[in-house]
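Every read-out reported here was derived from the displayed coordinates using simple, explicitly stated rules and does not represent laboratory data. Given the structure is predicted, the values throughout are model-derived calculations rather than measurements. For neighbour counting, all protein chains shown are included, and Cβ atoms are generated from backbone atoms with ideal geometry for every residue, glycine included.
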Amino acid sequence: MSAQKGKDLLLKVDSDGAGTFATVAGMRSRSLTFNTETVDVTHAESAGRWRELLAGAGAKHAKVSGSGIFKDAASDALVRQYVFDGTIRDWQVVIPDFGTVEGPFQIASFELTGRHDGEVAFELGLESAGELTFAAA
């Protein structure tokens, strides 16, 4: 993957529960993190007392975070409603020239900030809530 514009990394949400994805407008930054918990199987006879891990045994999860400004009334209202309802919906993270990660996420954090001489901004944190898929570009 060659260098890409950060603005081309898109965050989309299933707006109706039927697979109609809408881009979350006004996002200035986005990130996607994958994690796998480790399962420690170290024992008294582990070579050199080094920790040993069990391959493929830990729970996998992903986090998506982003921040931006309110720009589009429809996507703003949708995100706000999902926050208040605790809704789990399919989200897509579109990574240019790489692919798309899709699956169920829940909004785990939503923060509003504002300065007296600036705009209202938001920060959004999503936690995976099931199996994710990857489709190469």
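Applying the condition of being within 25 Å of ILE88 (Cβ to Cβ) and among the charged types (D, E, K, R) to region 103-137 and asking which residue is surrounded by the fewest Cβ atoms within 10 Å (Cβ to Cβ) yields GLU131. Of all residues in region 97-120, exactly one satisfies the criterion of being closer than 18 Å to ALA25 by Cβ and outside any strand (DSSP E or B), namely GLU119. One residue is enough: does region 72-85 have a residue meeting the conditions in contact with a strand residue (DSSP E or B) (Cβ under 8 Å, 6 or more places away or on another chain), more than 17 Å from LYS12 (Cα to Cα), without any contact (Cβ under 8 Å) to a residue 40 or more places away in the chain and of a type outside the set (S, T, N, Q)? No: region 72-85 contains no residue that is in contact with a strand residue (DSSP E or B) (Cβ under 8 Å, 6 or more places away or on another chain), more than 17 Å from LYS12 (Cα to Cα), without any contact (Cβ under 8 Å) to a residue 40 or more places away in the chain and of a type outside the set (S, T, N, Q). Per the conditions (1) of a type outside the set (Asp, Glu); (2) in contact with a helix residue (DSSP H, G or I) (Cβ under 8 Å, 6 or more places away or on another chain); (3) under 26 Å from PHE134 (Cβ atoms); (4) buried (at least 16 other Cβ atoms within 10 Å of the Cβ), the sole criterion not satisfied by PHE70 is (3).
Taking region 52-99 as the range and being more than 24 Å from ALA136 (Cα to Cα) and among the basic types (Lys, Arg) as the test, the residues that pass are LYS71, ARG80. Of the residues screened, SER65 is not one that is under 24 Å from GLY114 (Cβ atoms), polar (S, T, N, Q) and without any contact (Cβ under 8 Å) to a residue 40 or more places away in the chain.
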